[in-house]
Amino acid sequence: MSKNPLTRRQFIHLGTGAVAATTASKVILQPRLLSASPRPVAPSDTVRFASIGTGIRGCELLEATTHVPGIKCVAVCDLYDSRHTAAREAVGDPSVDVTREYRTILDRKDVDAVIIAVMDHQHRHIFEDACAAGKDVYCEKPMSHTVEDGFSMVETAHKYNRIIQIGSQRVSSVLYAKAKEIYDSGKLGEVYSINAYWDRNSPSGAWVYPIPPDASEKTIDWNTFLGNAPKRPFDPVRFFRWRCFTDYGEGLAGDLFVHLISGIHFITGTNAVAQRAQSSGGLFHFKDGRDYPDLIETLYDYPDFKVTLRCNLNNDGGEFIGFYGTEGTMIIQNTTLTYKPQNKRPEPEDYSIYGWPKELRDQYLKQWHAEHPETAPLAADVDGEGESYANPPGYSDTADHQANFFNAVRSRKPVTENEIFGNNAAIGCHLSNFAYFNRCVAVWDPVGRKIVKG
Ligand SMILES: NC(=O)c1ccc[n+]([C@@H]2O[C@H](COP(=O)([O-])OP(=O)(O)OC[C@H]3O[C@@H](n4cnc5c(N)ncnc54)[C@H](O)[C@@H]3O)[C@@H](O)[C@H]2O)c1
């Protein structure tokens with residue numbers, strides 16, 4: 001997902017010792033020290049983990065874990081045999097144990113934590129089995145496939161008192177931490193309007209992933225993949241492009257809105273579900289048998305502000321979140337952040353008085369200037385470029401997110417993006433889809449813990 005030309009290894013090399021640097025107008029943020037332990041780790045004190053689901057994201061996560069000190073991957077699990085090899089390559093250990101059966105991993109006493117990166121419809125039962133087996137859990141976003149799944153997962157995590165982190169890695173990003181600092185400082189004034197989008201314009205961006213030539217019922221455990229979803233004959237399109245289908249994924253809302261919602265919740269300090277959502281969109285270009293639209297726009301009502309989100313698979317607009325406040329505007333665009341104050345200097349009215357006769361106009365201006373002998377100097381530079389920040393070269397918020405999780409496994413202190421946070425963000429995705437498919441206002445009923453038609 002990163003368009004940065006540096007590899008993660010180069011970043012680790014550059015990043016850990018780097019000092020914040022300033023270019024002409026942009027501050028390059030300082031990376032965090034990647035550490036899963038506040039102290040040197042004895043071999044006996046290493047956190048041992050296993051990974052369940054080692055497809056695209058599972059392999060990315062495994063590679064990221066290789067940069068986190070004090071942890072060791074002891075086993076990987078996937079339903080598709082070639083992914084055992086891919087996982088071994090990602091973690092850099094050709095001898096790591098591999099299996100198709102995740103329960104054998106949960107039975108192991110030497111596994112402290114699991115990473116769950118399976119299709120969304122499989123999250124709940126693996127998550128709950130892992131909690132019951134006493135494992136801490138890093139579960140990919142969106143946490144739930146349905147509202148009911150999410151609340152059941154929260155209850156199970158609490159019942160077994162597990163450390164949980166959900167996988168919207170923006171929440172651990174240095175850029176988002178800076179954005180939160182600016183938001184919390186009050187420099188934006190009152191923020192009533194937040195507008196975000198994530199647009200892509202390519203077959204890959206629309207999940208039209210190639211089918212590997214060895215894909216077959218021999219190499220893939222198709223029935224276990226289906227799980228509770230309706231039974232069907234083997235179909236590699238459904239297995240590899242599962243995001244397109246309501247049985248397994250949540251379309252653009254579950255894939256991309258969830259990152260935007262998690263980022264907005266983190267920055268604004270919101271840990272609640274929107275009250276209402278209205279959606280519009282359609283399937284315009286990728287008419288390949290998928291269930292989900294390739295354009296969706298959703299308007300969310302929160303008590304203190306309004307949020308509009310869009311994902312468009314027919315234009316490469318990239319990733320954007322704008323916070324529009326009474327005192328300033330803050331924009332996150334891909335890997336940069338800018339803040340610009342608004343001009344709030346008192347000024348005489350210069351528009352509507354042109355409907356007045358000259359004499360009254362002159363009188364008004366004379367009085368205004370008498371009452372405002374000096375225009376107060378501006379605290380901020382409204383005419384300049386504002387403040388600008390960027391990620392360090394080769395920065396990986398995924399590696400920071402992993403480090404946060406493993407730190408919490410050691411410290412037993414909950415992370416920001418815990419099961420409650422993840423559940424709230426996922427419900428935002430379900431609200432969007434409910435409104436889209438039912439062509440109605442989707443209303444969140446917090447007492448009944450369900451979405452109802454408005
Ligand atoms: N945080 C992010 O930026 C990000 C990016 C991509 C994907 N994701 C999330 O990661 C998850 C996986 O996505 P992906 O792109 O890697 O999908 P994928 O299809 O590439 O991989 C999923 C893997 O899970 C395996 N699997 C499914 N059920 C299993 C089971 N019961 N036991 C063992 N293995 C099982 C499948 O065999 C498959 O190989 C999804 O929840 C997705 O939303 C997050």
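Any of Lys187/Lys344; Lys72/Lys413; Lys135/Lys159; Lys187/Lys306; Lys178/Lys340; Lys109/Lys218 with alpha carbons more than 23 Å apart? Name them for me.
Where the Cα-Cα span goes over 23 Å, the pairs concerned are Lys109/Lys218.
If you place +1 on the Cβ of every Lys and Arg, -1 on the Cβ of every Asp and Glu, and leave all else neutral, what size is the dipole of the chain about its Cα centre, to the nearest 20 Debye?
I would put it at about 740 debye.
Which ³J(HN,Hα) values in Hz, rounded to whole numbers, follow from the phi angles of segment 308-323 under the Karplus curve 6.51 cos²θ - 1.76 cosθ + 1.60, where θ = phi - 60° and Gly and Pro get x?
10, 10, 9, 10, 10, 8, 10, 6, 8, x, x, 10, 8, 9, x, 10
When a/c reaches 1.5 or more, the comparison of a/b and b/c decides; with that in mind, is segment 360-454 rounded, prolate or oblate per its Cα gyration tensor?
oblate
Normalised by the number of residues in segment 63-173, what is the relative contact order in percent for Cα pairs under 8 Å and 6+ residues apart? Don't jump to the answer; show the numbers that get you there.
Working: 144 pairs, mean separation 21.5, N = 111.
Over segment 63-173, the number comes to 19 percent.
Find which of Gln30, Asn404, Leu79 sits farthest along the positive direction of the dipole of the chain, computed with +1 on the beta-carbon of Lys and Arg, -1 on that of Asp and Glu, about the Cα centre.
Towards the positive end, the residue furthest out is Leu79.
Provide the FRET efficiency to the nearest 0.05 for the Tyr192-Lys72 pair, computing r from the beta carbons and using R0 = 30 Å.
It comes out at approximately 0.05.
By the scheme Lys and Arg +1, Asp and Glu -1, what is the net charge of all other residues having a beta-carbon under 12 Å from that of Pro346?
Every neighbour counted, the sum reads -2.
Round to the nearest 10 and give me the degree value, 0 to 90, for the angle of helix 174-185's Cα axis relative to the longest principal axis of the chain.
It works out to around 40 degrees.
Please state the relative contact order of the chain as a whole percent: Cα pairs under 8 Å, 6+ residues apart?
It comes to 22 percent, rounded to a whole number.
Would you calculate the separation in nanometres between label points at Gln333 and Lys358, each defined as 7 Å from the Cα along the Cα-to-beta-carbon direction?
Label-label distance for Gln333 and Lys358, simple model: 4.5 nm.
As I understand it, the dipole of the chain uses +1 on the Cβ of Lys and Arg and -1 on the Cβ of Asp and Glu, about the Cα centre. Which of Gly58, Ile267, Val452 lies farthest toward its positive end?
Gly58
Please give the peptides 181-193, 160-172 ranked by average Cβ packing (other Cβ atoms within 10 Å per residue), highest first, as a rough proxy for protection.
Those peptides, ordered most packed to least, come out 160-172, 181-193.
Roughly how tilted is helix 419-438, in degrees to the nearest 10 and between 0 and 90, from the longest Cα axis of the chain?
It works out to around 80 degrees.
How would you rank 342-350, 255-263, highest first, on the average number of other Cβ atoms within 10 Å across their residues? Could you put the intermediate results ahead of the total?
Values: 342-350: 11.6, 255-263: 25.3.
Packing proxy ranking, top to bottom: 255-263, 342-350.
Arrange the peptides 291-301, 316-326, 139-149 so that the one whose residues have, on average, the most other Cβ atoms within 10 Å appears first.
Listed from highest to lowest mean packing, they are 139-149, 291-301, 316-326.
Let a ≥ b ≥ c be the square roots of the eigenvalues of the Cα gyration tensor of the chain; is it rounded (a/c under 1.5), or, if not, prolate (a/b larger than b/c) or oblate?
Because a/c hits 1.5 or more and a/b exceeds b/c, the chain counts as prolate.
So how strong a dipole does segment 283-352 carry about its Cα centre when Lys and Arg Cβ are +1 and Asp and Glu Cβ are -1, to the nearest 20 debye?
Value, rounded to 20: 120 debye.
In nanometres, what is the gap between the two model label sites at Asn161 and Lys109, each 7 Å from Cα along Cα-to-Cβ?
The modelled label-to-label distance comes out at 2.1 nm.
No value in this document is a laboratory result; all are computed from the given coordinates. Worth saying up front: this structure is predicted, and the values here are computed from it rather than measured. Cβ sites come from the backbone with ideal geometry, for glycine too, and all protein chains shown count toward neighbours.
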